[in-house]
Amino acid sequence: MTKIVNPKEIRIDYLSRVEGETNLIVRLGTESLVEVRLDIFEPPRFFEGFMVGRKYDEVGDITSRICGICPISHMTTAIQAVEAAMGIDPSPQTKQIRRLMCISQNVASHIIHLYMLALPDYFGYPGFLPMIPDFPKEAEDFLAMKSAMNRVAAVIGGRALHPISMVVGGFTRIPTRADFHDLAKRIEEVLPLARRTIDRIHGLTPPDLHCESEYMALRKEDVFAVNDGRIVSSRGRRLETAEYLFFFKEKQESYGMAKKSFTAEGKTFMVGALARMNLKFDQYREKTRKIAEDLGIIVPDTNPYHNNLAQALEIYDGMLICLELLEEIQPRKEGLELRISDGEGISLTEAPRGLLMHSYAVDRKGTVQKANLVTPTAHNFANLEKDLHFLAVRFPEEDDLGDLKSKCAQLVRAYDPCFSCSVH
């Protein structure tokens, strides 16, 4: 329910079309004094606490339940952190297949967000289901693309949701070359729909809001990084994975169950598709870059609403990368050789919404002694409130507060937050 409490306050009780539960409060004061608060009331989930005492081979399965949209990201990050703790270096094939799964999941997540959560904002509908009778082609494209990308997780992971074949050290089952050929065929069939999605999102008219943010993402020089690489930023930072815990700090607010992440200097930052576009546009496939240039997309882009557009480009580019990997990987059976030892390890991946961090300490029996997780929404929390504050300050006093309310809700959804992930 949305209501304007008084001429100087906007409240959105239970913000719709986001993953998880939050209220949004915007108070307009005198002389541009504004208070913005994302009141995240999603119940805490304590994953870090109940991971302690679990065995190393349970970590991936348990953490994948943090999210039903991005289970592969949590599973991959958790497994890689455990491998780092125990000194396990998986095979090149394992790394490639994990990369394939992560990219396919990012694409699938973007498809859900753009069609089901973001598009209704621009056509005056309360949700995607009421749109379907008036937008049947969009619904058909959405279902076809989602089905094709879900198939990647189902074939490689054993099922589309919460895969079971990815384990510490590798995979319990490797698909055949015929399986890969079938996956590639399905993706090729929906690639034109991904191209059409870019045009749809580019044709929208989001608010013209340009915010100064520091963008952060993983980057490798040879590939579009998703499950390894250095942390790079738009302000020239270059951080190794091991430096994460020294550079990033978390803060707990009294009004939100999620923690906020800041840099060591106490600054906010943005992660996700827009950050990746700004920092890795040169690593998009040539076809993707050509489409963006033909549409007049300029990088860097500082409008947070354009995170939707960056996601649309990633859908198309991600499909192209999947096709490359499906052709490149020559699947063969591999044994799982594990050496259980004690240690501490950390892993960073690019989840759909941005940087995801898992860190674990295990003893010599492979039992988890300490766990730490920081999700993309926790990374974005403070920056999102900052952008909401800037939006409210810019809003002309003589305009309708209902318009500001709509813009604020649109901005939250453009970030594609997952509050359920953030309150662990």
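Restricting the search to the range 216-231, which residues are outside any loop (DSSP other than H, G, I, E, B) and open to solvent by less than 10 Å² (accessible area, probe 1.4 Å)?
Of everything in the range 216-231, those that are outside any loop (DSSP other than H, G, I, E, B) and open to solvent by less than 10 Å² (accessible area, probe 1.4 Å) turn out to be MET216, ALA217, LEU218, ILE231.
In the range 191-215, what residues are open to solvent by 10 Å² or more (accessible area, probe 1.4 Å) and of a type in the set (A, V, I, L, M, F, W, C)?
LEU191, LEU193, ILE201, LEU204
Working only within the range 232-241, note down all residues that are free of Cβ contacts under 8 Å to residues at least 60 places away in the same chain and either surrounded by 20 or more Cβ atoms within 10 Å (Cβ to Cβ) or in contact with a strand residue (DSSP E or B) (Cβ under 8 Å, 6 or more places away or on another chain) (or both).
Passing the criteria: VAL232, SER233, ARG237, ARG238, LEU239, GLU240.
Just wondering, is there one or more residues in the range 217-227 that are in contact with a Phe, Trp or Tyr (Cβ under 9 Å, 6 or more places away or on another chain), among the small types (Gly, Ala, Ser) and within 29 Å of CYS408 (Cβ to Cβ)?
No: the range 217-227 contains no residue that is in contact with a Phe, Trp or Tyr (Cβ under 9 Å, 6 or more places away or on another chain), among the small types (Gly, Ala, Ser) and within 29 Å of CYS408 (Cβ to Cβ).
How many of the residues in the range 138-163 are of a type outside the set (S, T, N, Q), open to solvent by 50 Å² or more (accessible area, probe 1.4 Å) and modelled with pLDDT of 95 or more?
3
Quick check on the range 410-418. Is at least one of its residues of a type in the set (Ser, Thr, Tyr), buried (at least 22 other Cβ atoms within 10 Å of the Cβ) and assigned to a helix (DSSP H, G or I)?
No: zero hits.
Output the residues belonging to the range 368-424 that are of a type in the set (D, E, K, R) and over 23 Å from ALA312 (Cα atoms).
Within the range 368-424, LYS370, GLU385, LYS386, ARG394, GLU397, GLU398, ASP399, ASP400, ASP403, LYS405 qualify.
Could you go through the range 113-128 and let me know if any residue there is of a type in the set (Ser, Thr, Tyr), open to solvent by 10 Å² or more (accessible area, probe 1.4 Å) and not in a loop (DSSP other than H, G, I, E, B).
Yes, the range 113-128 has at least one match.
List the helices (runs of 4 or more DSSP H) that sit entirely inside the range 259-371 and contain at least 3 residues that are open to solvent by 60 Å² or more (accessible area, probe 1.4 Å) and closer than 30 Å to ARG173 by Cα.
The helices (runs of 4 or more DSSP H) meeting that bar are 307-328.
Taking helices (runs of 4 or more DSSP H) that do not extend beyond the range 46-105, which have at least 1 residues that are crowded, with 23+ Cβ neighbours inside 10 Å?
Passing ranges, in order: 59-63, 71-86.
Condition first: open to solvent by 20 Å² or more (accessible area, probe 1.4 Å), at pLDDT 95 or above and either of a type in the set (Val, Ile, Thr) or outside any helix (DSSP H, G or I) (or both). Can you find one or more residues in the range 173-183 that meet it?
Among the residues of the range 173-183, at least one is open to solvent by 20 Å² or more (accessible area, probe 1.4 Å), at pLDDT 95 or above and either of a type in the set (Val, Ile, Thr) or outside any helix (DSSP H, G or I) (or both), which makes the answer yes.
Can you spot a residue in the range 389-404 that is within 30 Å of ILE103 (Cβ to Cβ) and open to solvent by less than 10 Å² (accessible area, probe 1.4 Å)?
The answer is no, given that none of the residues of the range 389-404 is within 30 Å of ILE103 (Cβ to Cβ) and open to solvent by less than 10 Å² (accessible area, probe 1.4 Å).
The values are calculated or read from the model by the stated rules, or taken from the named source; none is laboratory data. As the structure is a computational prediction, the values presented were derived from the model and not from experiment. No Cβ is skipped: glycine too gets one built from the backbone with ideal geometry, and neighbour counts run over all protein chains shown. Ligands, DNA and RNA are excluded from the accessible area calculation, which covers all protein heavy atoms including side chains. Shrake-Rupley method; radii C 1.70, N 1.55, O 1.52, S 1.80 Å.
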